[in-house]
Amino acid sequence: MDTNDSLRVASLWHSMHAISQQLSPTTGCSGIELLEADTFDLHCFQSLTGTKFFVVCEPGTQHMEALLKVVYELYTDYVLKNPFYEMEMPIRCELFDINLTQAVQKDRVALLGR
Amino acid sequence: MPPAAPRSGDAIFASVERVNAELFTLTYGAIVRQLLTDLEEVEEVNKQLDQMGYNIGIRLIDEFLAKSNVSRCVDFKETAEMIAKVGFKMFLGVTASVMNWDADGTCCSIVLEDNPLVDFVELPDTCQGLYYCNILSGVIRGALEMVAMKTEVTWIRDMLRGDDAYELQVKLLKQVPEEYPYKDDE
């Protein structure tokens, strides 16, 4: 998936997330947190600033919320604290990518270890 | 998985990497001096400091939310308490208190007991209109804007100008919940 495809998919998700808040039969809904499909699960975390992080994983994978929280912290460190990163633009921060891969690897190892 | 409990300002302050306070004070002082040299007008410098603070605030808010685990504040009173008790403690290591609430709970004062930006600083006569710590007002304004609140932040008391404390007035102008594009079909 190239950058344009990612942007297209992400903006679709942003709209669906917003629509789901309107569709909810209860008040105070903050949007989709989990999407379960045949071949994958999608976990989504929305910060209070409206930024959404989502992870696509194998059905039934546990502890994705914790991973999303870690990713949020990595974002606040390696992306937001990079003075050359422009807000709302695609993230092209090498340190973020490296640390993100490490976090996912650590998670994978922890899962396989059980 | 149950959500993690919100962390106190002290706990977070103790857990992050810290920098020499004097280096911080010197760096900030250098910024203000350079702005005064470049811009010459005290009003312009005030505006630039506020703008710089705004740019910091829009990024700082996510850091604050990630480290402190707070949930959405119920009302503006809770927001102000969060800023004073957790925010200022976490980033500047100072305790602040909230007071002087107005009748409809949209305007309050945050009083700083201590201010690391102004250690060793004295304002000369040529800079009497300068709000030395104006970066702080920008930071609060920027941070709150990212969580859907438009505010106006001004200095009420400034010890560098002869008052007895540092007092910021934070006024909530309006809540601006995110607009979604599919509604614009009128």
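Only the coordinates and a few stated rules stand behind these numbers; no lab work does. Please read all numbers here as calculations on a predicted model, not as lab measurements. Note: ideal-geometry Cβ built from the backbone for every residue, glycine included; neighbour counts use all protein chains shown.
Which of B:107, B:133, B:73 moves most in a GNM of chain B, Cα contacts under 10 Å?
Of the options given, B:73 has the highest mean-square fluctuation.
What are the ³J(HN,Hα) values, in whole Hz, obtained from phi via the Karplus relation 6.51 cos²θ - 1.76 cosθ + 1.60 with θ = phi - 60°, for each residue of the stretch A:73-83 in sequence order, with x given for Gly and Pro?
5, 4, 4, 5, 7, 7, 9, 5, 8, 7, x
How much net charge surrounds residue A:57 when only other residues with a Cβ under 13 Å from its Cβ are counted (Lys, Arg +1; Asp, Glu -1)?
Net charge in that neighbourhood comes out at -4.
I want to verify a result. In a Gaussian network model of chain B, Cα cutoff 10 Å, which of these has the top mean-square fluctuation: B:126, B:151, B:37?
Among B:126, B:151, B:37, the largest GNM mean-square fluctuation belongs to B:126.
Compare A:103, A:37, A:66 in a GNM of chain A, Cα atoms joined below 10 Å, and give the one with the largest fluctuation.
With Cα springs under 10 Å in chain A, the top fluctuation among A:103, A:37, A:66 is at A:37.
Once you put a point 7 Å from the Cα of residue B:171 and another 7 Å from the Cα of residue B:16, both along the Cβ direction, what distance in nm separates them?
3.0 nm
Which number comes out as Rg/Rh for chain A once both Rg and the Kirkwood Rh are worked out on C-alpha atoms?
Ratio of gyration radius to Kirkwood radius: 0.97.
Could you tell me the largest-minus-smallest coordinate of the C-alpha atoms of the stretch B:9-175 on each of the three principal axes, in descending order and whole angstroms?
Projected onto its principal axes, the Cα set of the stretch B:9-175 covers 44, 38, 28 Å.
Could you work out the relative contact order of the stretch B:9-175? I mean the mean sequence separation of Cα pairs under 8 Å and 6+ apart, divided by the number of residues, in percent.
Value for the stretch B:9-175: 27 percent.
Quick check: pseudo-label points 7 Å beyond the Cα along Cα→Cβ at residue B:102 and residue A:103, how many nm apart are they?
About 4.0 nm separates the two model spin labels.
What is the protein assembly as shown by shape, rounded, prolate or oblate, if you read a ≥ b ≥ c off the alpha carbon gyration tensor as root eigenvalues and call it rounded for a/c under 1.5, prolate for a/b larger than b/c, and oblate otherwise?
The shape class here is prolate.
I need to check one value: relative contact order of chain A, counting alpha carbon pairs closer than 8 Å and at least 6 residues apart, in percent.
14 percent
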